[in-house]
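The values are calculated or read from the model by the stated rules, or taken from the named source; none is laboratory data. The model shown is predicted, which means the values in this text are computed figures rather than measured ones. When we count neighbours, we look across all protein chains shown, and the Cβ atoms used for this are built from the backbone with ideal geometry, even at glycine. Accessible surface is based on the protein model in full, side chains and every heavy atom, while ligands, DNA and RNA are left aside. Shrake-Rupley method; radii C 1.70, N 1.55, O 1.52, S 1.80 Å.
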Amino acid sequence: MRLRSGVFASCCLLVEALGVGLFLRGFFPLPVKSLPRRGARGDRPPEPPPPVSSNWTKIPAPLFKKIVIVLIDALRDDFVFGSKGRQFMPYTTELVERGTSHSFIAEAKAPTVTMPRIKALMTGSIPGFIDVIMNLNSPALLDDNLIWQAKTAGKRIIFYGDDTWVKLFPKHFVEYDGTSSFFVSDFKEVDDNVTRHLDTVLKREDWDILILHYLGLDHIGHLTGPNSPLVGPKLNEMDNIIKKIHTSLLSKEGELSLPDLLVICGDHGMSETGSHGGSSLEEVHTPLLLISSAFDRKSGPLKSLVLVQQTDLAVTLAIGLGLPISRNSIGNLILPVIEAKTMREQLRFLHLNGFQLSQLLQENVPAYEKDSGFEHFKIAEKSHGNWIKLYLEGNNSEVLINLGKKVLKQYLEALRILSSSLSKQVAQYDIYSMMVGTVIVLEVVLLLLLSIPKALSSGAEFEVPLSPPLCSLLFYLMCLMLCAVHVVVCTSAESLCYFCSISWLSALGVMMLISALFCIILSALGKMCTYPKVPAKNPAVSNSNWLELDVLIVAGTIGHVSSLCASSFIEEEHQTWYFLVNTLCLALCQEMCRHYFLVKECDLHQSSSTVKKSFEEVKEMAHYKNDSVDIPECDLKLGKIAPSAEILKGSEKWIGLASPWFILIFCRLLRSLNQTGVQWAHRPDFGHWLTSSDHQAELSILAAISLAMIFILVQRRCSLVSKIAMALGLLGVYSYRAAIGNVAFPWQQDSKDISKGIIEARFVYVFVLGIIFTGTKDLLKSQVISTDSSTKCLGLWDVYGGLVLLAALLFRPHNLPVLVFCLMIQAMITKYIWKPLNFDAAQITIMHYWFGQAFFYFQGNSNSIATVDISAGFVGLDNYVEIPAIFLTGFVTYTGPLLWAVHLLCYLSSEVSRNSAAVGHGCFCYALICSIPVAAYIVLVTGLRYHLFIWSVFSPKLLYDGVHVFITAGVCLFFTAMDQNHSRKIQD
Amino acid sequence: MKDTEIKRLLAAHIFCIFSIILTTVVPSLFLENFSILGTHLTWLCICSACVASVNIILYIILKPNPSSKRSSLAQKATRFLKCCVYFFVSCLLFHGIIVLYGAPLIESVLETFLFAVLLSTFTTLHCLCMLGPNIQAWIRVFSKNGALSIWDNSLQITTVCSIVGAWLGAFPIPLDWERPWQVWPISCSLGATFGYVAGLIIAPLWIYWNRKQLTYKSR
Ligand SMILES: [Zn+2]
Ligand SMILES: [Zn+2]
């Protein structure tokens, strides 16, 4: 079957997307194997049996009457225990230092995003990574958890705050008021919505648990970072709330009833840039304050804080309320809470905790008896039994106390080991699906690599050897073998593979796909081997004549792929791209020098010999570029150049020579706009300077100038209708930003009522759709009535303009310069660098890809989930609507690569007159250059799946790459659609 | 003729390598607490100065590209001044490029500038010694097939090697190993030095291996 390179590349990418999807599904298994809920009081062990039987078999009584949980989103440990706490939270500091309280630093596990953290706090387990993705769309929590246990035990729970809770625990609260966390720019109303209920609730007696989740601090962090002036007043507000709750609880406490407990905690911290999601110390360390009159009064300032796990809270609260411990909890009881109890009770609690942990271990580890934690627990249980025997005999001596302490220590050690071996269990991979995905991806990449010589030839066609392999015996044998493997794997004991759960027919389809790909690769290889003469010569010739640029492109690609092995290089991937793009600019500069000075030389010495020499050189240059470029065209070019050298000497030459330097300077400026990554993320950058509330005027001016520049740069190529729509749309963007309070109108000084800007945003959407519609109409017209290619170009530029307008709307205002510089570099590079240098489509595609990647990071992205700007998903929407939100967030995240890809298409289709196969070549190269890193990374991640940083560093990057593959597949389909049109025209 | 030229080249390069080794060893005898990593800036100064002086002395002794016409003292003085200006300009240019590559603009200006000086010493100074302040000759040497003697070839190789060395030297910076040599600009300047030394070693060998293919057009 004969396929054009574009079609072939798109097919390959679609198959690859399938493979990547399978791999991701295997890598991020949805629920980790967990125990089902068990009602009532099934598995509560009695005290360990001493030689004489104990009389205490029922669950211990609760320690606290009421529990109030104040969860302050993004509360970092130093906000309470550091200088900020001392300054803005005087009451809390007093409580920490001199009150009846216990304070800890609770460590959150990555991903530090709200929903998984709430799950961790309430179930005591570590939720899988995929919960991040579910964060936008939280389904009800079905695992055993504290809230459910409390509800089953008849406790009345009241909740006010982030509506994630309401979604996680539907029908669990007797009274609730959820606030949406999606309007990140609002940090006052979200908290007032919680606090307004407080007075009435505190007076009432009809509840047992009160949960308050304050979102304001998190929103302030996202908007302006942890050092903004807004943080102080917010902390002070929180302090007053804590004071109010605490005094009210104290005033109600009677002599006879149990004491109450006030828990103050954060779900995660806040990085120096104000975001969260990663695993830096600032994001991971949250304060945990337990305040109750049952505790001993502290005296004097606190010394060092004990580090506990966030998961420890669930079990502690369960014990405190006299509830069964959640079955999937891996937490350890926080000992200071029960310190005031008798030794018998303390040991009883620890035993309950240990018993639950060892049960969980039994379910998860086949060889649980060999686990050292389990052994420790058994030993501790035995000595506990001995201790009870002594105790029941009425022995009250020193021996008993010492033995009790020893048992306590044994229990603590056992709990610690059990927890750590259980938390290792969380990472469970569906290896079978991963393998299937990897095989597909690798086969596709291999096929793409094998087809390079054919697909990049002037014909841009690739003969897919389809019929011989499909009829071959090998194909059927392989299908049979794979099916057999599938049956064996899927019927083997308790496999939970996703791939086994899909229907037989589709599994068979995938198997056939794998074997077909394999056979195609084999026959393509065989073809290459049988005619080795023809292809083998050409590479040899071109090898010796490689330009520095080609060397750089190949070395850069290989270097980037190999840099993915190191976690630091993934965290700092932007550095790799900036470095490569800079080097690319310098190489381009050298090319420009060579181009202009060689011409100049032949212009200066008009003697025939030098002309001949440079003639030969030009010929040679044509050779390096592409073997297929025929000589006559070159002659023409030289003939054109020589007489017009006078004109060339003019401005164009110097602008051309200077433009790589301008691009370098632009890149340097953009680089200091957004510091991303991990190591240097705390460095000051323009972005933060601009977004801080003192510099709103500067930000407004910058945004206005940027929007004007965008208009000037885009309007050159658009049709008249689009021009007008563009201008109105950009005005709409500014008024949208003014409406939500990011920028200010100069004439609007005082009235500052921040709205959600829905009307303004929708106004812009109308123009975006209008421009894209105009463009599509032109494209369709050029497809149906084969007019000249100018209609098509106009249509493409209109589509491009529409995308730019959409990006301008969704980008944060301080990021608008990224868009401006992107447009400027694109204009410059096409006009002054690519026009004179005559690169072929493959080189231009790869350079475009590099710039696209660099712009991905210039706009502030990184390889951590924290930098995804989810607020973009709510521009112009009243509330969360899944499909548009996902689309908008995806678009704004990948704006850089997308804009460069579409620009590539625009450029290549304008080049069609020069090289008819340009679009096909471009599409093929784009597919290839995107798939190579993904394939390498998939193999690498499989190898590193037990790496320490797998969840914090490698997995987010895998997600980014996976999404990138899907987007690339879309882009390539668009390319192919455009190419189709062209090829038909040629036939006509 | 060619073999003696290659020997002279080799000798000159060995001198250069030797001088670089000396700069790492000798100063510790005179200066307290001297180490390449600890007092990197001092080492940068010493190394640049030493390599520069060795290059100039070698140029005076060997005269690889003897000029055909004799020049007066005034001409020599202008030539020298021009060389100085060129050197300074190249330092600034390298500094600019390094900043464009992402070095901080204001903090650690001195480090960046000294690194630029080192790079200029390895590349520009070498060119100035061999070719003089003659841009046309530079463009000739660094364009394809522009070398007219083995000295030009060695110049190409050492220059490219030093710059590639500096380029590769930037790679370990993002790694989180927290080693002393990851501090800016130590890894880069060490990379440049290693590249330069490698170039000095490679150049005579490469010329020796390819001496049959290398045919130089007469001027
Ligand atoms: Zn949160
Ligand atoms: Zn947040």
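Specify whether the C-alpha gyration tensor of the protein assembly as shown places it in the rounded, prolate or oblate class, a ≥ b ≥ c being the square roots of the eigenvalues: rounded for a/c under 1.5, otherwise prolate if a/b is larger than b/c and oblate if not.
Judged from the Cα gyration tensor, the protein assembly as shown comes out prolate (a/c at least 1.5, a/b above b/c).
Which FRET efficiency value, to the nearest 0.05, do you get for B:A49 and A:W689 by plugging their Cβ-Cβ distance into 1/(1 + (r/R0)^6) with R0 = 30 Å?
0.15
Can you give me the C-alpha center-to-center distance between the stretch B:180-197 and the stretch B:1-29, rounded to a whole angstrom?
Using only Cα atoms, the two centres lie 20 Å from each other.
Test of understanding: what is the full-extension gain from A:A658 to A:C483, defined as 0.36 nm times their sequence separation minus their Cα-Cα distance?
Taking 0.36 nm per residue and subtracting the Cα distance, the gain is 56.9 nm.
Could you please report the charge total around A:S692, scoring K, R as +1 and D, E as -1 over all other residues with beta-carbon less than 14 angstrom from its beta-carbon?
-3
Put A:L796, A:L256 in order of accessible area, largest first, 1.4 Å probe: what do you get?
Output order, biggest surface exposure first: A:L256, A:L796.
How big is the gap, in Å, between the Cα center of the stretch A:235-264 and the Cα center of the stretch A:5-22?
That distance is 60 Å.
Label-point separation (nm) for A:S180 and A:S420, each offset 7 Å from Cα along Cα-to-Cβ?
Output for this residue pair reads 4.5 nm.
Please report the net charge: other residues with Cβ closer than 13 Å to the Cβ of A:E463, K and R +1, D and E -1.
Overall, the nearby charge balance is +3.
Greater than 27 Å separation of Cα atoms is the criterion. Which listed pairs, A:K119/A:K151; A:K155/A:K203; A:K58/A:K382; A:K119/A:K370; B:K2/B:K76; A:K167/A:K188, meet it?
Pairs exceeding 27 Å: A:K119/A:K370; B:K2/B:K76.
Figure the gain on full extension for A:A977 and A:L449 (residue separation times 0.36 nm, minus the Cα-Cα span) and round it to one decimal in nm.
187.8 nm
Threshold 40 Å², probe 1.4 Å: give the residues of the stretch B:148-178, in number order, that are less accessible with all protein chains present than with their chain alone.
B:W167, B:F171, B:P174, B:L175, B:D176
With r defined as the distance between the Cβ atoms of A:V939 and A:R98 and R0 fixed at 35 Å, what FRET efficiency is calculated, to the nearest 0.05?
0.05
How about the stretch A:658-679: which of its residues lose at least 30 Å² of accessible area in the presence of all protein chains relative to their chain isolated, using a 1.4 Å probe?
The answer is A:W661, A:R668, A:R671, A:Q679 - residues whose exposure falls by at least 30 Å² when every protein chain is included.
Please report the carbon-and-sulfur percent of the accessible area for the stretch A:343-491; probe 1.4 Å, protein heavy atoms only, DNA, RNA and ligands left out.
Of the solvent-accessible surface of the stretch A:343-491, carbon and sulfur hold 65 percent.
Only four residue types carry charge here, +1 at the Cβ of Lys and Arg and -1 at the Cβ of Asp and Glu. Report the dipole size of the stretch A:269-392 about the Cα centre in Debye, rounded to the nearest 20.
620
Rounded to the nearest 0.05, what FRET efficiency do A:A827 and A:I705 have when you use their Cβ-Cβ distance and R0 = 22 Å?
0.80
What nm distance separates the two modelled labels at A:N240 and B:I106, each placed 7 Å from Cα along Cα→Cβ?
Rounded to a tenth, the inter-label distance reads 3.8 nm.
What does the C-alpha gyration tensor say about the overall shape of the stretch A:148-212? Classify as rounded when a/c is under 1.5, otherwise prolate if a/b is larger than b/c, or oblate.
It comes out oblate by the Cα gyration axes.
How large is the helix-only mean residue ellipticity at 222 nm for the protein assembly as shown, computed as the sum of -39500 (n - 2.57) over DSSP H runs with n ≥ 4, divided by its residue count, in deg cm²/dmol to the nearest 500?
-20500 deg cm²/dmol
Compare B:G169, B:G102, B:G38 in a GNM of chain B, Cα atoms joined below 10 Å, and give the one with the largest fluctuation.
Of the options given, B:G102 has the highest mean-square fluctuation.
So between A:E205 and A:T583, what do we pick up on full extension, going 0.36 nm a residue minus the alpha carbon distance?
129.1 nm
Measuring from label point to label point, each 7 Å out along Cα→Cβ, what is the B:K7 to A:R716 span in nm?
Placing both labels 7 Å along Cα→Cβ, they lie 6.2 nm apart.
Residue by residue through the stretch A:516-521, which ³J(HN,Hα) values in whole Hz follow from phi under the Karplus form 6.51 cos²θ - 1.76 cosθ + 1.60 (θ = phi - 60°), with glycine and proline marked x?
Per residue, the Karplus-derived 3J(HN,Hα) values read 5, 4, 4, 5, 4, 4 Hz.
Looking at the square roots a ≥ b ≥ c of the eigenvalues of the Cα gyration tensor of the stretch A:873-939, which shape do they give, rounded for a/c under 1.5, prolate if a/b is larger than b/c, or oblate?
Oblate, because a/c is 1.5 or more while a/b does not exceed b/c.
Show me you know the interface measure: the accessible area buried between A and B, both chains summed, probe 1.4 Å, in Å² to the nearest 100.
The buried area between A and B, both sides summed, comes to about 2100 Å².
Please report the net charge: other residues with Cβ closer than 14 Å to the Cβ of A:F874, K and R +1, D and E -1.
-2
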